[in-house]
Each structure stands twice: as C-alpha cells, then as structure tokens.
Amino acid sequence: MINRLFVIATSAIVMLAGCTKSESSFVSMKVDGKTYTSTVMTDENHSVFASSQLFELSEDGFSFFYRNAMSSSGAPEITLMLRISDSTPTPSGMKFEFPSGPSSLDGYDTASISMTIEGRPMHYYAIEGWLEIDNVDNLNDDICAVNGSFAFSAKEEFSGKVIEITDGRLHNAFMARKRQSLIINAK
C-alpha cells in the first residue's frame with residue numbers, strides 16, 4: 001500500500017513539474033501617477049496584429065512598434081504608441097532615447113498618448129524619454145515576447161500641457177515578428 005501511494009505521489013509530482021504555465025503578456029505604466037494596463041493575453045489567448053504590434057529584425061537593425069489601448073479604473077481609455085528603429089542588430093539590454101527636438105515628429109522614433117476627454121481628442125507627443133529593451137524571446141515563427149521598460153514626458157499638441165509617463169513596463173509584450181531576408185538581385 002505504501003509503495004502504491006509512493007508511486008502515485010511521484011507520478012503526480014513528475015506530471016506537475018512537466019506542465020508549463022502560460023506566460024501572461026501585458027504593458028503597464030503610470031500617467032501622472034494613475035496606473036494603466038493593457039489587456040492581459042496568454043499563449044493560448046492572444047490577439048497580435050502587425051499593424052499595431054510589430055518587432056522587425058533585419059541585417060540593417062531592428063524596428064519596434066507598439067500601439068494599443070490601455071485602461072485604468074475611473075479614467076478615460078488611452079492609446080499608447082511607442083516606436084523605435086535603430087541599426088543595432090540585437091537590441092537586448094540596450095536603452096534608446098526618444099528624440100526631444102522640435103523636428104522629432106519628422107523621424108520614426110517617438111512615443112505618444114492619445115485620449116478623448118469630453119468628446120475632444122487629445123494627443124500628447126514625447127518631448128523626452130526612453131525605451132529599454134531587456135530581452136526579446138522568440139515564441140514561434142510569427143510571435144515574439146519583448147520585455148523592457150519605458151518612461152517619457154509628453155506635451156499636448158494644442159494646449160502645451162505636459163504629462164509624465166512613468167513606471168512603463170513591457171511584460172512579455174507579444175509582438176508580431178518579422179524577419180527580412182536578404183534579397184539578391186540577379187542580373
């Protein structure tokens with residue numbers, strides 16, 4: 001009887017140890033101290049579109065693009081957008097600054113927050129800040145998970161009001177993955 005219980009207990013431990021827990025994916029941040037979070041996704045339940053969440057890697061470097069709605073209790077829904085492009089072939093462990101000059105909107109690298117308050121759309125554009133990519137994990141041929149952090153100050157385009165985005169966190173943020181291959185033109 002004791003041997004049978006031992007075998008059952010050992011089998012249960014082995015089975016549980018072999019199970020993999022699904023990792024959750026989300027982005028969180030504070031906007032002027034108010035916590036916002038994106039929808040939480042898992043390996044089995046995710047909705048990733050290259051038009052809004054894309055990590056592109058090529059021999060010329062990488063591009064990171066994230067745009068998603070985020071919510072907070074008792075506050076208007078906002079849309080966060082982060083864009084970085086760099087010639088670094090492996091961005092893991094690197095920190096990238098958002099441009100702060102008046103011509104920064106002409107370039108690719110930027111961050112912004114959009115929301116509607118009392119029926120009026122408001123757009124806040126980064127005037128300074130950064131994005132740090134801790135690591136990029138390939139989940140399959142189509143999706144990767146990006147871990148990192150970010151913070152920036154953003155200015156509303158008409159009023160000039162500045163908001164502070166702090167404690168930004170990419171927690172296994174699922175991204176559509178695209179690898180460009182070298183195209184050789186044969187003549």
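Out of all the residues in segment 137-155, which are polar (S, T, N, Q) and either on the phi > 0 side of the Ramachandran plot or part of a strand (DSSP E or B) (or both)?
138, 147, 149, 153
A quick yes/no check of all residues on (1) touching a Gly at 6+ places or on another chain (Cβ under 7 Å); (2) crowded, with 19+ Cβ neighbours inside 10 Å; (3) not aromatic (Phe, Trp, Tyr):
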site: 109; (1), (2), (3): no, no, yes
site: 124; (1), (2), (3): no, yes, no
site: 136; (1), (2), (3): no, yes, yes
site: 143; (1), (2), (3): no, no, yes
site: 147; (1), (2), (3): no, no, yes
site: 154; (1), (2), (3): no, yes, yes
site: 158; (1), (2), (3): no, no, no
site: 167; (1), (2), (3): no, no, yes
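Quick check, is residue 88 open to solvent by 70 Å² or more (accessible area, probe 1.4 Å) and among the β-branched types (Val, Ile, Thr)? Let's see the steps before the verdict.
Working: open to solvent by 70 Å² or more (accessible area, probe 1.4 Å): no; among the β-branched types (Val, Ile, Thr): yes.
Answer is no for this residue.
Would you mention how many residues in segment 169-182 are outside any loop (DSSP other than H, G, I, E, B) and open to solvent by 80 Å² or more (accessible area, probe 1.4 Å)?
Residues of segment 169-182 outside any loop (DSSP other than H, G, I, E, B): 169-179.
Right, trim to open to solvent by 80 Å² or more (accessible area, probe 1.4 Å) and you get 169, 178-179.
The qualifying residues number 3.
The values are calculated or read from the model by the stated rules, or taken from the named source; none is laboratory data. These numbers come from a predicted model, not from an experiment. Note that we place each Cβ from the backbone using ideal geometry, even for glycine, and neighbour counts take in every protein chain shown. Only protein heavy atoms, including side chains, enter the accessible area calculation; ligands, DNA and RNA are left aside. Shrake-Rupley method; radii C 1.70, N 1.55, O 1.52, S 1.80 Å.
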